[in-house]
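K.L.:
Can you keep this structure in mind? I'll have questions shortly.
The values are calculated or read from the model by the stated rules, or taken from the named source; none is laboratory data. Please read all numbers here as calculations on a predicted model, not as lab measurements. Glycine gets a Cβ as well: all are built from the backbone with ideal geometry, and neighbour counts include every protein chain shown. These accessible areas exclude ligands, DNA and RNA; they are computed on the full protein's heavy atoms, side chains included. Shrake-Rupley method; radii C 1.70, N 1.55, O 1.52, S 1.80 Å.
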Amino acid sequence: MSRTPRTGVAPVPGQQSRPDAGPTPTDPAPAAPPTVTPPSVTPTAGTLARSAAQAAGRRLTRPAVGLGDVVPAPASVRPRPAADFVLAADAAVRVSADPAAREVANHLAELLRPATGYPLPVADLPPTPGPLQLTLSTAAPRGPAATVSDDAEGYRLDVDPDAVRITAGTATGLFHGVQTLRQLLPVAVESRTPVAQHWVVPGGTIVDRPRFPYRGMMLDVARHFFGVEDVCRVIDHLARYKLNHLHLHLTDDQGWRIAVDSWPRLATVGGRTAVGGGPGGWYTAADYRRIVAYAARRHVTVVPEVDLPGHTNAALVAYPGLAPDKVAPPPYTGTEVGFSYVDPTDERTYDFVADVLGEVAALTPGPWLHIGGDEAYKVKGSAYTGFVERTQRIVAGLGRTVVGWHQIAPAGHVDGRVLQWWGTDGDDPTVAEAVRRGARVILSPGNHAYLDMKYAPDTPIGHDWAGLIDVHRAYHWDPATHLTGVPAESVLGVEAPLWTESVTSLAEIEFMVFPRLPALAEVAWSTPAARSWAGLRKRLAGHGPRWHAAGIAFHPSPEIPWPAAPAGRHLPDAAETHRNPAPGQPSPARDTATTPDVR
């Protein structure tokens, strides 16, 4: 039986050198290039010195990780052990002359500077290639996974003794390649202070692209509020594992978390409460813009959710006229569901919906607006479907694609509609019928992907209504075949929700997220051929030291063969780590490549 220590979170692992654990390469061997005799060039003394230093460094060092020790597993891995690269102190980052690509190059330099202590200047590629190269090219990448996705997020990473080259068709692909490079460097790269270290990258080639275009996590900021800094820290965690969507559950019975100019009491009154009587809080428009901008720089799209017509007690406290009886209910700080709803028969309700969704859409550049739609138990039949259909038309009129929990499936279809499925039984005829009418699906099965479920019976926080979810259970399912009657082409992707009834601090978020989120990221990114439980266990074991070095709390799941080490940090009490700003007060986002441990 899996057993979770009541207070243990992160061991303090050391580095381990392991053979490559990546998928078997399937790329055909490239044709041998023609032999060309280069012109005779006399090298300068500086060139000779650098070459000698690099050769000496390669003789004295070995990579701390293998080329296949990447999470999520790449599509193709071709190691070349004789081609290891050593990063020199005078290295520079060279990048295609494109603003988005240059921002990725700056991100790479910011990732590497603290631990290496190297200046790592960033400059355009012409005329000098340089040892770290990021190239935008419509010809990249190609490989065995060409049929599973387009190349919008794909990349190719080549490591040889002279350079590390990341090539992609888009800046997003370059960014994913940078995250892979980060994992191939020694654990000490996560340090926020300089470390005396040979910065070795294992030689070879990775060609990679995602299986599904939508790969995300949901953070419930309504049950317990989390400030901008905490949300940005979560965004960094998503980017690290090539997840590209952050769904923010912004409103619920316990709190309304985003300011709306046309309905100001939603935040100032509805935002003051939280589960258990906590202080609440909300994002100003400036706060929310900072989150969106921070996510965009990490190629993560924010998906805002305003839950309707149920889960609206906080809104009804602020505006009783939206309630069916026009009487303000008392503020709610419990965890029951299904008792509140806005009046679907009152035209004022639809003014409210249009105003709120319009303001949220104006703050959010992404294509999605999530309207919730779950657990509205007191709005039945045509009253419910009529409300959803009218709200869907409001979203379409804003030029956005509607997303809703799978309970909206019986409502009439609108173009592009997406259902987020959170059931535990893969046989759902109502959802299958909605898919036949044109809906697409994001899969969040409660018994595989819900991060608020306990790991084991003695996990100190979390729930178990969908079962216990250890890493093995989070990993062992296939989105393409999970729902009966839903073909793979209708599956947009995978999302892992974290509801926060029992989660009160950033450390507790991380404890519930790691190591399950990287496993779910692999479910969403990697092809079935590239995935294996044995391989994931070994690769996750190597990531434990990285999380510890980065100050990330995590659950030391007994399924994973973590490196032996002394006891690590404990899961702090909520009172020690809950750092929300006063309600409505802005909380500055971290605008650095990685976020330091602030606990």
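K.L.:
Consider Asp343 carefully, then state whether it is more than 23 Å from His247 (Cα to Cα) and loosely packed, with under 14 Cβ neighbours inside 10 Å.
P.N.:
no
K.L.:
Looking at (1) part of a loop (DSSP other than H, G, I, E, B); (2) open to solvent by less than 20 Å² (accessible area, probe 1.4 Å); (3) not β-branched (Val, Ile, Thr), which is the one condition that is false for Pro457?
P.N.:
Pro457 satisfies every listed condition except (2).
K.L.:
If a residue has to be within 13 Å of Val260 (Cβ to Cβ) and not in a loop (DSSP other than H, G, I, E, B) to count, how many in the range 303-321 make the cut? Spell out the reasoning first.
P.N.:
Of the range 303-321, the ones within 13 Å of Val260 (Cβ to Cβ) are 304, 306, 314-315, 318-319.
In the following step, the residues that additionally are not in a loop (DSSP other than H, G, I, E, B) were identified as 304, 306, 314-315, 318.
Going through the range 303-321 one residue at a time, the tally reaches 5.
K.L.:
Note down all Cβ pairs under 9 Å where the first residue falls in the range 115-134 and is farther than 24 Å from Thr193 by Cα, the second is of a type in the set (Asp, Glu) and assigned to a loop (DSSP other than H, G, I, E, B), and they're at least six residues apart or on different chains.
P.N.:
The qualifying pairs are Pro129/Asp162.
K.L.:
Among the residues of the range 460-487, which ones are open to solvent by 20 Å² or more (accessible area, probe 1.4 Å), touching a residue at least 60 places away in the same chain (Cβ under 8 Å) and outside any loop (DSSP other than H, G, I, E, B)?
P.N.:
His472
K.L.:
Sticking with this structure for a sec: Take residues that are open to solvent by 30 Å² or more (accessible area, probe 1.4 Å) and within 18 Å of Val207 (Cβ to Cβ) and tell me which of the strands (runs of 3 or more DSSP E) falling wholly in the range 61-144 contain 1 or more.
P.N.:
Per the criteria, 76-79, 132-136.
K.L.:
Does Tyr294 fit the bill of being in contact with a Cys (Cβ under 6 Å, 6 or more places away or on another chain) and part of a helix (DSSP H, G or I)?
P.N.:
Against the criterion (in contact with a Cys (Cβ under 6 Å, 6 or more places away or on another chain) and part of a helix (DSSP H, G or I)), Tyr294 qualifies.
K.L.:
Something else: Among the residues of the range 213-225, count how many are more than 13 Å from Gly278 (Cα to Cα) and open to solvent by 10 Å² or more (accessible area, probe 1.4 Å).
P.N.:
First, the residues of the range 213-225 that are more than 13 Å from Gly278 (Cα to Cα): 213-220.
Remaining after also requiring open to solvent by 10 Å² or more (accessible area, probe 1.4 Å): 213.
So the answer is 1.
K.L.:
I want to confirm something. Restricting to the range 497-535 and keeping residues that are among the β-branched types (Val, Ile, Thr), in contact with a Lys or Arg (Cβ under 9 Å, 6 or more places away or on another chain) and assigned to a helix (DSSP H, G or I), which single residue is surrounded by the most Cβ atoms within 10 Å (Cβ to Cβ)?
P.N.:
Narrowing the range 497-535 to residues among the β-branched types (Val, Ile, Thr): 500, 503-504, 509, 513, 523, 527.
Still in the list and also in contact with a Lys or Arg (Cβ under 9 Å, 6 or more places away or on another chain): 500, 503, 509, 523, 527.
Add one more test, that the residue is assigned to a helix (DSSP H, G or I), and what stays is 509, 523.
Working: Ile509: 24, Val523: 26.
Filtering the range 497-535 for residues that are among the β-branched types (Val, Ile, Thr), in contact with a Lys or Arg (Cβ under 9 Å, 6 or more places away or on another chain) and assigned to a helix (DSSP H, G or I), the one surrounded by the most Cβ atoms within 10 Å (Cβ to Cβ) comes out as Val523.
K.L.:
Okay, moving on. Inside the range 404-446, can you point out the residues that are of a type in the set (Phe, Trp, Tyr) and either in contact with a Pro (Cβ under 9 Å, 6 or more places away or on another chain) or part of a loop (DSSP other than H, G, I, E, B) (or both)?
P.N.:
Trp421, Trp422
K.L.:
For the range 536-550, how many residues are open to solvent by less than 10 Å² (accessible area, probe 1.4 Å) and either assigned to a loop (DSSP other than H, G, I, E, B) or among the polar types (S, T, N, Q) (or both)?
P.N.:
0
K.L.:
Can you tell me which residues in the range 271-287 are touching a Lys or Arg at 6+ places or on another chain (Cβ under 9 Å) and either over 18 Å from Arg223 (Cβ atoms) or open to solvent by less than 10 Å² (accessible area, probe 1.4 Å) (or both)?
P.N.:
Those that are touching a Lys or Arg at 6+ places or on another chain (Cβ under 9 Å) and either over 18 Å from Arg223 (Cβ atoms) or open to solvent by less than 10 Å² (accessible area, probe 1.4 Å) (or both): Gly271, Ala274, Gly280, Gly281, Tyr283.
K.L.:
Further, regarding this structure: Is there a residue being open to solvent by 30 Å² or more (accessible area, probe 1.4 Å), assigned to a loop (DSSP other than H, G, I, E, B) and not small (Gly, Ala, Ser) anywhere in the range 389-399?
P.N.:
yes
K.L.:
Now a separate question. Pairs under 8 Å by beta carbon, first residue over 17 Å from Tyr241 (Cβ atoms) and among the acidic types (Asp, Glu) in the range 546-560, partner surrounded by fewer than 21 Cβ atoms within 10 Å (Cβ to Cβ) and at pLDDT below 95, six or more apart or different chains?
P.N.:
Glu559/Ser2
K.L.:
Go over the candidates Val178, Val195, Val207, Val159 one by one and state the one that is open to solvent by 10 Å² or more (accessible area, probe 1.4 Å) and more than 26 Å from Trp405 (Cβ to Cβ). Before the answer, list the steps.
P.N.:
On the way: Val178 fails: open to solvent by 10 Å² or more (accessible area, probe 1.4 Å); Val207 fails: open to solvent by 10 Å² or more (accessible area, probe 1.4 Å); Val159 fails: open to solvent by 10 Å² or more (accessible area, probe 1.4 Å).
Being open to solvent by 10 Å² or more (accessible area, probe 1.4 Å) and more than 26 Å from Trp405 (Cβ to Cβ) holds for just one of Val178, Val195, Val207, Val159, which is Val195.
K.L.:
Applying the selection to the range 551-571, what residues are modelled with pLDDT under 95 and either surrounded by 20 or more Cβ atoms within 10 Å (Cβ to Cβ) or within 23 Å of the chain's Cα centre (by Cα) (or both)?
P.N.:
Answer for the range 551-571, where residues must be modelled with pLDDT under 95 and either surrounded by 20 or more Cβ atoms within 10 Å (Cβ to Cβ) or within 23 Å of the chain's Cα centre (by Cα) (or both): just Leu571.
K.L.:
Still on this structure, please answer the following. Report yes if some residue within the range 246-257 is surrounded by fewer than 24 Cβ atoms within 10 Å (Cβ to Cβ) and among the aromatic types (Phe, Trp, Tyr); otherwise report no.
P.N.:
no
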